[in-house]
Amino acid sequence: MIRAVNNLYRIGLRVRALRLERGLSQEALAGEVERSVDTISSLERGIGSTSLDTLERLADYFEVRLRDLLGSEDDPVPEQSVRTEMQIALAKLGRSLSDDDLGLAIELVRVLAKSRKSARAGPSAPAKPPSR
């Protein structure tokens, strides 16, 4: 059972990476392969199961072989998978928080992002004193 879950998760990571490479939303991909957004979302999160027909439609749309989409445990996961895994972990944590705690977490992430952006921009020029 664990192996099946890992395989579904790895397939989901591949689908998500392919979708993001093309700049597609889950809604847009669902429309292209004539599936529901819930189907795409569940597949990307590695939960539930999906039909062979859906996987074939995805492989056709992304112009990859089905066996490449399915991959194996020895295959490297897509380059974005580490970031994707962190985003999934963050989303899972967010679901376990109360509304108040989730709001606080969002504010903390905003502050972190702003401080990182400022740090990358480097020191700013000193402010000029106001002229009289």
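The values are calculated or read from the model by the stated rules, or taken from the named source; none is laboratory data. Values in this document were obtained by computation on a predicted structure and should not be read as measured data. When we count neighbours, we look across all protein chains shown, and the Cβ atoms used for this are built from the backbone with ideal geometry, even at glycine.
The condition (being at pLDDT below 75, farther than 24 Å from Gly46 by Cβ, out of contact with any strand residue (DSSP E or B) (no Cβ under 8 Å at 6 or more places or on another chain) and not charged (D, E, K, R)) is satisfied by just one residue among Ala89, Ala121: Ala121.
Considering the stretch 13-50, the residues that are assigned to a loop (DSSP other than H, G, I, E, B) and charged (D, E, K, R) include one that is farthest from Met86 (Cα to Cα), namely Glu34. Within the stretch 58-86, residues that are over 21 Å from Ala28 (Cβ atoms) sit with their Cβ atoms under 9 Å from residues that are surrounded by fewer than 16 Cβ atoms within 10 Å (Cβ to Cβ) and modelled with pLDDT of 90 or more, at 6+ positions apart or across chains, in these pairs: Leu66/Leu52; Leu66/Glu56; Leu66/Asp60. Among the residues of the stretch 50-80, those that are at pLDDT below 85 and surrounded by fewer than 17 Cβ atoms within 10 Å (Cβ to Cβ) comprise Gly71, Ser72, Glu73, Asp74, Asp75, Pro76, Val77, Glu79, Gln80.
Please go through the stretch 9-49 and give me each residue that is crowded, with 16+ Cβ neighbours inside 10 Å and among the β-branched types (Val, Ile, Thr), ordered by number. Selection gives Ile11, Val15, Val33, Thr39, Ile40.
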